[in-house]
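The values are calculated or read from the model by the stated rules, or taken from the named source; none is laboratory data. Since the structure is predicted, the reported quantities are computational estimates derived from the model, not experimental observations. Positions of Cβ are generated from backbone atoms using ideal geometry, with glycine treated the same way; all protein chains shown enter the neighbour counts.
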Amino acid sequence: MSQTPLQRTPLFSLHQALGARFVSFAGWEMPLQYRGVIAEHRAVRERVGTFDISHMGKFTLWGPELGSHLSRLVPSDLSAVPVGSGRYTVLLNPLGGILDDVIFYRHPPEGELEHWSVIVNAATRQKDWDWLNHHFQGIPGVNLQDHSDTRVLLAVQGPAAEQVLQPFLEGSLKALRRFQHSQFAGAAGALGESIFVARTGYTGEDGFEVMLSPEDGIRLWEQLIQAGVQPCGLGCRDTLRLEAAFHLYGQDMDESTTPLEAGLGWLVNNPGDYIGKPAIESQRQQGIPRHLVGFRMLHPAIPRSGYAIYAPNSPEPIGQVTSGTHSPSLGYGIGLGYVAPAWAKVGSRLEIEIRGQRQPAEVVKKPFYSAAHR
């Protein structure tokens with residue numbers, strides 16, 4: 001049986017020219033690294049790096065009172081999101097399980113129609129599209145469009161991101177606060193007239209995510225590289241996000257995980273009805289059976305997804321590592337994993353089974369690394 005060919009972003013040939021090593025990810029052939037994971041990680045932490053994240057899903061929605069309709073799909077109150085701002089949240093199934101984690105952005109209205117966009121994970125793009133369409137069937141005036149294949153999405157991340165990106169755009173990036181967004185025109189006619197820029201990212205650093213046409217995306221990528229920006233792959237994207245304790249969908253949460261279990265209870269602030277609310281409220285009342293915790297290794301050892309977590313002297317596992325790595329910024333092993341409530345308190349001692357041996361670890365406060373405390 002022939003396999004489905006991997007999809008490629010419009011920048012694929014540019015990644016090849018830069019000597020990228022590729023990896024299969026969610027049906028896409030994506031850059032894993034260029035110079036190496038550590039070098040790219042440090043470039044983002046110390047100055048700036050850029051990522052091609054065009055594989056992610058990009059949907060646009062229009063409709064009357066759309067924020068109220070969208071709020072019925074998530075545990076967050078999207079109707080309260082101001083124009084020009086975004087909101088990170090999760091789509092839930094009726095049992096309170098997480099279908100995907102997404103960012104909704106609210107744009108200026110078009111007449112009486114609210115205008116929103118949503119960025120979804122590549123692996124769940126079709127599932128999310130079907131879910132949204134199913135729940136908007138029969139609601140007059142709502143229109144959804146999938147721009148995933150007609151838009152490039154770049155992330156420019158690091159303490160120098162604003163300084164590096166600003167010369168390519170007209171208008172001030174400084175005016176954007178965290179999770180705010182706006183439309184920009186390219187400076188000096190080098191890029192087009194409609195470039196979406198949001199002050200968001202997945203690295204724990206300051207930075208921007210830029211959505212634009214494939215032609216302009218190629219131009220901007222080339223200009224960033226010519227300006228000395230380090231191209232970065234999925235390898236350092238994973239180490240950066242884990243240091244910031246950002247979740248990876250499909251590993252740290254999925255449809256069997258509720259926001260309360262995943263440490264995302266802060267997203268649950270919707271006063272109205274939403275899909276999964278009875279299950280979430282029931283779990284609040286009855287207690288959470290497991291918690292996603294952050295832990296650090298106390299001896300030189302690297303935890304990985306799927307490794308068993310034990311309590312000291314316990315013959316049976318009490319949980320499992322969902323994400324783990326050696327932290328380039330901190331110099332020791334870190335990870336996320338689910339454990340019973342009795343072992344979720346900061347300071348609790350754990351043991352991670354690594355290559356047949358139990359290695360000591362300790363539950364720590366998240367995030368592991370914060371740019372604010374550099």
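When the range 323-368 is examined, which residues are found to be charged (D, E, K, R) and under 22 Å from the mean Cα position of the chain (by Cα)? Passing the criteria: Lys365, Lys366.
Consider Val142 carefully, then state whether it is surrounded by 19 or more Cβ atoms within 10 Å (Cβ to Cβ) and not assigned by TED's automatic domain parsing to the domain that holds Pro231. Against the criterion (surrounded by 19 or more Cβ atoms within 10 Å (Cβ to Cβ) and not assigned by TED's automatic domain parsing to the domain that holds Pro231), Val142 qualifies.
Residues in the range 359-374 that are charged (D, E, K, R) and surrounded by fewer than 16 Cβ atoms within 10 Å (Cβ to Cβ) were compared, and the one that is nearest to Ala311 (Cα to Cα) is Glu362.
The single condition among (1) on the phi < 0 side of the Ramachandran plot; (2) surrounded by fewer than 22 Cβ atoms within 10 Å (Cβ to Cβ); (3) touching a helix residue (DSSP H, G or I) at 6+ places or on another chain (Cβ under 9 Å) that Tyr332 does not satisfy is (3). The set of residues in the range 87-130 being polar (S, T, N, Q) and free of Cβ contacts under 8 Å to residues at least 60 places away in the same chain consists of Gln126 alone.
Residues that are assigned to a helix (DSSP H, G or I) and either touching a residue at least 60 places away in the same chain (Cβ under 8 Å) or on the phi > 0 side of the Ramachandran plot (or both) within the range 242-277 comprise Leu242, Glu243, Leu267, Lys277, listed in sequence order. Determine whether the range 66-84 contains at least one residue that is outside the structural domain of Leu176 (by TED's automatic domain parsing), assigned to a strand (DSSP E or B) and over 19 Å from Val152 (Cα atoms). Scanning the range 66-84, I find no residue that is outside the structural domain of Leu176 (by TED's automatic domain parsing), assigned to a strand (DSSP E or B) and over 19 Å from Val152 (Cα atoms), so the answer is no. Note on the range 345-369: residues that are assigned to a strand (DSSP E or B) and touching a residue at least 40 places away in the same chain (Cβ under 8 Å) total 12. Just one of the numbered conditions (1) closer than 30 Å to Lys366 by Cα; (2) charged (D, E, K, R); (3) part of a helix (DSSP H, G or I) is not true of Glu205: (3). Might you let me know whether the range 233-241 holds any residue that is touching a Leu at 6+ places or on another chain (Cβ under 6 Å), assigned to a loop (DSSP other than H, G, I, E, B) and crowded, with 16+ Cβ neighbours inside 10 Å? Checked against the condition, which is being touching a Leu at 6+ places or on another chain (Cβ under 6 Å), assigned to a loop (DSSP other than H, G, I, E, B) and crowded, with 16+ Cβ neighbours inside 10 Å, the range 233-241 yields at least one hit. For His181, indicate whether it is in a strand (DSSP E or B) and modelled with pLDDT of 95 or more. Considered against the rule, which asks whether it is in a strand (DSSP E or B) and modelled with pLDDT of 95 or more, His181 comes out as yes. Regarding Ala122, is this residue in contact with a His (Cβ under 7 Å, 6 or more places away or on another chain) and modelled with pLDDT of 95 or more? Judged against the criteria, Ala122 is a match. On the stretch given as the range 316-331, residues that are assigned to a loop (DSSP other than H, G, I, E, B), touching a residue at least 12 places away in the same chain (Cβ under 8 Å) and more than 11 Å from Glu243 (Cβ to Cβ) total 2.
Of all residue pairs spaced 6 or more apart or on separate chains, those with beta-carbon atoms under 8 Å, a first member in the range 1-27 that is assigned by TED's automatic domain parsing to the domain that holds Pro231 and a second member that is at pLDDT below 95 are Gly27/Thr4. If only residues of the range 1-47 that are of a type in the set (Lys, Arg) and surrounded by 15 or more Cβ atoms within 10 Å (Cβ to Cβ) are counted, the one that is nearest to Ser148 (Cα to Cα) is Arg8.
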